[in-house]
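To keep things clear, I will list the structure first and then write my remarks on it.
Read-outs: derived from the displayed coordinates by stated rules, not from any lab. The shown structure was predicted, so the numbers you read here are calculated from the model rather than taken from an experiment. Positions of Cβ are backbone-derived with ideal geometry, glycine not excepted, and every protein chain shown enters the neighbour counts.
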Amino acid sequence: MIAPQDMAHCEAAIRHGSLSFHAASRLLPAHVRNPALALYAFCRLADDAVDLQPEKASAVLRLHARLDLAYAGKPRNSPADRAFAAMIEDYDMPRALPEALLEGLAWDAMDTRYATLSELRSYAARVAAAVGVMMCVLMRVRDQNALARASDLGVAMQLTNIARDVGEDAREGRLYLPTDWMEEAGLAPEAFLESPRPTPVVAQLVKRLLHEADELYARSEAGIAALPLSCRPGIFAARYIYAGIGCQLRRAGCDSISARARTNGAQKLGWLCLSGLRAAGSVVMPTSPVIFAQPAPETAFLVKAAAEETVPVNDWSDTLYETMAGLKAQDAARNEALKQPAAEGSVTA
């Protein structure tokens, strides 16, 4: 069980760090909201530990060590770690899910670019859909169809985030737009990073990404009806609030270079009310056949990890092992390069 003081820290971290999720979480029942805040606080900690650190490879490796401690029941002595470890124990969280998140952060640390939409979806599966599947575990939902639609929602939300942050990412030297889309449009990735400017070509790419997100938002709704009734308003709210960011971006002509699309309090309140109505309506609506659609190939491993009556998934997937090995090699090479000037200086002296 999560200690009250640790829970208070997690809530404060989310209130200041993720306004959209904090707003949506207010509609979740307390028995889901509290562990969800602990989950998001750890995810926010992990994201910041990589984004805000110059040595990103080392940061990811330290996060993996912290995950080891949490699953061993000996978390690092910090509120977010203690709350996360308690959540793991209370809900028997499959380790493959947070490890998928760390693999996505490792890709960030390695400055990975994505040649195709499928590759980008694979990244979104790790950094966002994994969180959606973990939310299902917190709701005691392990049905594979519901998990597949939760994965769709997570990927949609991440594609929206990427569309919103094209300019901000480019100014930091990061690129998430599929490079084959850019090349088809005659936009050289390196030239764009060197001078990110709002152009009709970039706006069209952003619009295309939002269209992909919209299709996944629509698919995800069938899964919300499979959740416990008390949880449906909060998840509908997350769906509408994040999709609303895309609507704001469209109103700005899909220009995510000049300014960051934002939603306001009045809009969020409207979506919260709409979410309550949609949740109530889901009680009488017939089951949508979309619920039975197969999971996307990029998210199927998450569904398998969390679904009932599946073969237990190893703690380390092959891809995660390869990613972490590459990250360690990258970190070792950096450390060795740092030693060279010092060694040369001592010889000169």
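Using only helices, what value at 222 nm comes out for the chain when you add -39,500 (n - 2.57) per DSSP H run of length 4 or more and divide by the total residues, to the nearest 500 deg cm²/dmol? Mind showing how you got there, number by number?
Working: 17 runs with 242 residues, N = 349.
Dividing the helical sum by the residues of the chain leaves -22500 deg cm²/dmol.
So, with +1 on the Cβ of K and R and -1 on the Cβ of D and E, and no other charges, what is the size of the charge dipole of the chain about its Cα centre, to the nearest 20 debye? Provide the component values of the computation, followed by the final result.
Details: 36 positive and 41 negative charges, 268 e Å.
For this selection, approximately 1280 debye.
With an 8 Å Cα cut-off and a minimum separation of 6 or more residues, compute the relative contact order for the chain in percent. Present the calculation step by step, with values, prior to reporting the outcome.
Details: 475 pairs, mean separation 78.2, N = 349.
Across the chain, relative contact order equals 22 percent.
³J(HN,Hα) across the range 91-101 via Karplus (A = 6.51, B = -1.76, C = 1.60, θ = phi - 60°), whole Hz, x for Gly/Pro?
10, 6, 5, x, 5, 4, 6, x, 5, 4, 4
What are the residues whose amide H is under 5 Å from the amide H of Ala252, where those residues sit 5 or more places off or on another chain and H is modelled from the backbone?
The answer is none.
Find me the longest stretch of the chain that has none of the exposed GluC sites (Glu not before Pro), where exposed means in a DSSP loop (not H, G, I, E or B) with at most 13 other Cβ atoms within 10 Å. Could you put the intermediate results ahead of the total?
On the way: sites that count: Glu172, Glu308, Glu309.
Looking at the chain, 1-171 is the longest stretch - no exposed GluC sites (Glu not before Pro) with at most 13 other Cβ atoms within 10 Å.
Enter the mean projected area of the convex hull around the alpha-carbon atoms of the range 147-216, in nm², rounded to one decimal. Walk me through the numbers on the way to the answer.
On the way: hull surface 18.6 nm².
Orientation-averaged projected area of the Cα hull: 4.7 nm².
Along the Cα→Cβ direction, 7 angstrom out, place labels at Gln248 and Gln267. What is the inter-label distance in nm?
Result for the modelled spin labels: 0.5 nm.
Around Tyr114, which amide H atoms from residues at least 5 apart in sequence, or from another chain, sit under 5 Å from its own amide H, with H modelled in the peptide plane?
Amide H neighbours of Tyr114, under 5 Å, 5+ apart: Thr179.
Once you have a ≥ b ≥ c as the square roots of the Cα gyration tensor eigenvalues for the range 101-147, tell me rounded if a/c is under 1.5, and otherwise prolate or oblate according to whether a/b is larger than b/c.
Working: a/c = 5.13, a/b = 2.02, b/c = 2.54.
In terms of gyration-tensor shape, oblate.
If you take the charge dipole of the chain about its Cα centre, with +1 on Lys and Arg Cβ and -1 on Asp and Glu Cβ, which of Gly265, Phe292, Ser58 is farthest toward its positive end?
About the Cα centre, the residue reaching furthest to the positive side is Gly265.
Going by C-beta contacts inside 10 Å, put Phe42, Phe292, Phe84 in order with the fewest on the left. Could the numbers behind the result be given before it?
Values: Phe42 27, Phe292 12, Phe84 30.
Placing the least packed residue first, the sequence is Phe292, Phe42, Phe84.
Could you give the nm distance between label points at Val284 and Arg171, where each point is 7 Å from its Cα heading toward the beta carbon?
5.0 nm
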